[in-house]
Amino acid sequence: MSQGAIDTVIESSRQEAACMHCGLPMASSEATSGFCCSGCESAYTLIRAEGLDQYYDLLRRLGGDSKPVDGRLSGESFVDLDAPGFWSQHVIPLLEGRVQTVLRLQGIHCAACVWLLERLPQMVPGVLDARVDLHRSTIEIVWNPAQVALSTAAKQLAKLGYRVVPLGSSSRERLQRKQERQQLIQIAIAGACSGNVMLIALALYAGEWTGMAAEHLQLLRYANTAIGLVSLLGPGSIFFRGAYHALRWRTPHMDLPIALGLGVGAASGLWNTLSGSGELYFDSLSMLVFLLLVGRALQSRQQQAACEAVDVLRQLTPGTVQRVSHGRVESIALESVQVGDLLEVEAEQTIPVDGVVVEGVSEVDTSLLTGESIPLTVRPGDEITAGTLNRSQRLRVETRKVGNATRIGHLAESIQRAALEKAPIMQWSDRISGIFVMVVLTLSVIVGATWYWLDRDVWDDRVVALLIVACPCALGLATPLAIAVGLGRSAKRGVLIKGGDALQRLSRPGLIVLDKTGTVTEGRMSIHEWHGDLASLEWAAAVESKSRHPIAEAVRQYWSKRTHGEPTRAASEVTSYIGHGMSGRIEKNEIDVGNDGFMVSRGCYISEEQRALHDQFLTSGQTPLYVACNRKVHAVASLDDSLRPEARKVLQRLERRGWTFRMLSGDHEQIALRVGKELGLKESQIRGGVTPEGKLQAIQEWKKSGIPIVMVGDGVNDAAALAAADVGIAIRGGAEASLQAADVFLANGSLEGIESIIETAQRTMRVIGRNSVASLLYNIFAVTTAALGWLHP
Ligand code: ADP
Ligand code: MG
């Protein structure tokens, strides 16, 4: 729009004393500024700054006005739009790291709004596409999350006066279905075009052989060109749009050479049609569009399947639930459950929502989430969470939270978000394919120039052939896919992996560091002997009630076995000294429970007799435990734990694959040695009496050697070491806590999970490697033949 036209708009609004943005009449006090409010003023400034003045022109032609802008809107931060909750429900991944979503907007009312909103990519770098559905008041946005956050785009929309309002239900599936439908339509059009062009091309070749009249031939050539162009500009336009984005945001990807090839081919085909001589190309070009589109559809279908495979975690909650309404029980889909609904959960069923028990008494197994292995007794008034298992009786539960708002929902989200994050190999392949595109483009210029000089008639043939045969698909597209599939497959087998880099690191053999209690042993300790009175057992049970260590569980269980009840006295000021023991206060008494080192550090007195018992337990291979009250030991106990049945075999098989082992235990040296030898380890590989800090230090030390260090341990007690290792694998402690420090959680609680993830890692990296080599060889071959002119487009 010309400056003159803008001035007229401004002028006319001045005359009527109307707001320059929304056109509403203004109070005389506002008339000097030209705007009715500051919101309108900033929207106007923004639109003009972006050179989008045409908006006002359009508005005027449509006889409408824009809505006044509420200045408060632009103050919102829209952080929700960047949260995993929004992502898992509303965002779908596209190829090449782009993502798509739909937002509902308030304030869209005419074609001028649509025009302005679809210029969003121009205003917010990183937003690649914006499409408005005026009828439904929605905007579909495609963006590159590495470049811009969705909240930034929403803020821009707010500044323009459009308010982003939440879409009620999950839009992800709808979006996916729509995308698939669009893809199919495009493929069908491309297929039809390509079929027709082929037929005409055949007729042309046949005609040339049989001496068809020149004007008929020319007619066929026109028809061929016309249909070919339909295919290129219709379904094929996606490559041109991609190329435009690549140029505009300086992120070279494969659409660039493809579009260039299609463009050069089409241009020389068109030239040849008009000049009446030479090759037409449109048969090859339209076939190419068709095949490329089919390839893309397959790829995005696979990618979505991979994402859904990661969704398996969400299947930890049941698909249908029993809702009680008006005294009747009905079966409904979990998605339709609302906060406040009364649900009935039978025994052995998984709790579907976070809620409060209103009827029934039962035991709930929360081990997946929290790692608590002893079932929890729940009664009316108690809170329970989705994903836990109702063990014994029917319960009625009032819904407090559903879906992503539940604890298990948060967990699913964090895993899914990590899956979207890029593993180093993906970033590497992204970079390589960027370089590759530049190399292909440069080569095509050199080849074009050389042939132009050698033989002016064929230079375009050569360039088109080169641009089209070069294809780094294996790098740019197949790598993320291979990783996503690897993560998905593992999730199905109960191995939850946070992030693709763990897979990459596990593909090369390295050092596996094992914790003892609960990792190579079952972690189901039991008290073998108890030398002390019942009171000291109760103190210990009360203090240990706050710990999830296998020893704590053993003490609690022993108390309930002896008394058939829970401790009646509660401990306060409970402190956990990870790897040492627990302390707390019961009434006026200070209680310490732990190993000998812990007793010494707390200054507790141990009698000769007690020390003798302690040493006797050690020699018989049992873990000793002291209970002290007011700095004097009152009881000595011994605990037993058995090796996981699969442990020895798993270690042997991994050893054959080239992995080496070390065991670090916080337990007594003697016990550690016994267990380690049972596992088949040598004395030099075993260290006992290592504090959590010691474990961390050892890991850091070994990391310096450069080989991958994998720590397998307990999600709670070994958190620091798990986090420090190249890959942390948690086998106990519940998914929720474990995945904060570890990269992997073995939900099925078997060491075989380590083997399975290593296998998956190797397979994934093998697939990636094979693809890369194959694609490299293919490209060298294809580019050479095309450059030398042996390959016809
Ligand atoms: P490991 O490295 O073998 O898994 P931990 O580091 O978990 O062993 O624990 C080391 C030692 O610390 C245990 O053998 C025990 O003596 C003591 N300990 C740890 N936690 C507790 C607890 N909750 N109650 C009593 N003792 C504990
Ligand atoms: Mg442990």
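Please treat every number below as a calculation from the coordinates, not as lab data. Note that the structure is a prediction, hence the values are computed from the model and not measured. Every residue, glycine among them, receives a Cβ derived from its backbone with ideal geometry; neighbour counts consider all protein chains shown.
Calculate one ³J(HN,Hα) per residue across the stretch 578-592 by plugging θ = phi - 60° into the Karplus curve 6.51 cos²θ - 1.76 cosθ + 1.60, and present them in order as whole Hz with x for glycine and proline.
4, x, 10, x, 9, 9, x, 10, 10, 6, 9, 9, 9, 10, 10
Assuming 0.36 nm per residue, please report the length gained on full extension of the stretch K632 to S601 beyond their Cα-Cα distance.
Stretched out fully, the K632 to S601 stretch lengthens by 9.9 nm.
Quick one: which residues, 5 or more positions from R394 or on another chain, have an amide H under 5 Å from its amide H? H modelled 1.01 Å from N in the peptide plane, none for Pro or chain starts.
Distant-sequence amide H within range of R394: A347.
Report the label-to-label distance for I435 and L643 in nanometres (one decimal), using points 7 Å from each Cα along the Cα→Cβ vector.
Going from the I435 label point to the L643 one covers 4.8 nm.
Stretch Y222-E608 to full length: gain in nm at 0.36 nm per residue minus the Cα-Cα span?
Full extension from Y222 to E608 adds 128.3 nm.
Based on the mean of other beta carbon atoms within 10 Å per residue, what is the order of 664-676, 357-369, 709-721, most packed first?
Numbers: 664-676: 22.1, 357-369: 18.3, 709-721: 27.0.
Packing proxy ranking, top to bottom: 709-721, 664-676, 357-369.
Along Cα→Cβ, 7 Å out, is where each label goes; now give me the distance between the ones at E573 and A206 in nm to one decimal.
Rounded to a tenth, the inter-label distance reads 9.9 nm.
Amide H to amide H, which residues 5 or more places from L128 or on other chains are under 5 Å from it, using H placed in the peptide plane?
V142, W143, N144
Calculate the spin-label point distance for L776 paired with L342, positioning each point 7 Å from the Cα along the beta-carbon direction, and give it in nanometres.
Once both label points are built, they end up 6.8 nm from each other.
For the chain, what does the alpha-carbon gyration tensor say about shape, rounded, prolate or oblate, given a ≥ b ≥ c as the root eigenvalues, a/c under 1.5 as rounded, and a/b over b/c as prolate?
Numbers: a/c = 2.72, a/b = 1.70, b/c = 1.60.
Since a/c reaches 1.5 and a/b is larger than b/c, the shape of the chain is classed as prolate.
State the Cα centre-to-centre distance between the stretch 712-761 and the stretch 187-251 in whole Å.
55
Once R0 is set to 60 Å, what does the formula 1/(1 + (r/R0)^6) return for the Cβ-Cβ distance between N748 and S275, expressed as a FRET efficiency to the nearest 0.05?
Values: r = 70 Å, r/R0 = 1.16.
Once rounded, the FRET efficiency stands at 0.30.
From the backbone phi of the stretch 550-559, what are the Karplus-calculated ³J(HN,Hα) couplings (6.51 cos²θ - 1.76 cosθ + 1.60, θ = phi - 60°) in whole Hz, Gly and Pro given as x?
Using θ = phi - 60°, the values come out as x, 5, 4, 4, 5, 5, 4, 5, 5, 4 Hz.
For the stretch 476-546 and the stretch 615-690, what is the separation of their C-alpha centers, rounded to whole Å?
Between the Cα centres of the stretch 476-546 and the stretch 615-690 lies a distance of 17 Å.
Shape of the stretch 666-735 from its Cα gyration tensor (a ≥ b ≥ c, root eigenvalues): rounded if a/c is under 1.5, otherwise prolate when a/b > b/c, or oblate?
The shape class here is oblate.
For a protection proxy built on the mean count of beta-carbon atoms within 10 angstrom, sort 569-575, 623-629, 240-246 highest first, please.
Taking the mean over residues of other Cβ atoms within 10 Å, the ranking is 623-629, 240-246, 569-575.
Which links in K498/K546; K155/K401; K516/K682; K178/K498; K516/K703 stretch past 23 Å when you go from one Cα to the other?
The pairs that break the limit, which is 23 Å between Cα atoms, are K498/K546; K155/K401; K178/K498.
In whole percent, what relative contact order does the chain give with Cα contacts below 8 Å and a gap of six or more residues?
Dividing the mean separation by the residue count of the chain yields 10 percent.
Quick one: if the Förster radius is 41 Å, what FRET efficiency do R493 and L134 give, using the C-beta to C-beta distance and rounding to 0.05?
0.30
Beta carbons within 10 angstrom, averaged per residue: use that to sort the peptides 443-454, 322-333, highest first.
443-454, 322-333
Can you tell me how much longer the chain between E383 and E701 gets when fully stretched, taken as 0.36 nm per residue apart minus their C-alpha distance, in nm with one decimal?
Gain on stretching E383 to E701: 110.0 nm.
Can you give the FRET efficiency to the nearest 0.05 for T450 and Q182, using r as the Cβ-Cβ distance and R₀ = 30 Å?
Taking R0 as 30 Å, the efficiency between T450 and Q182 is 0.15.
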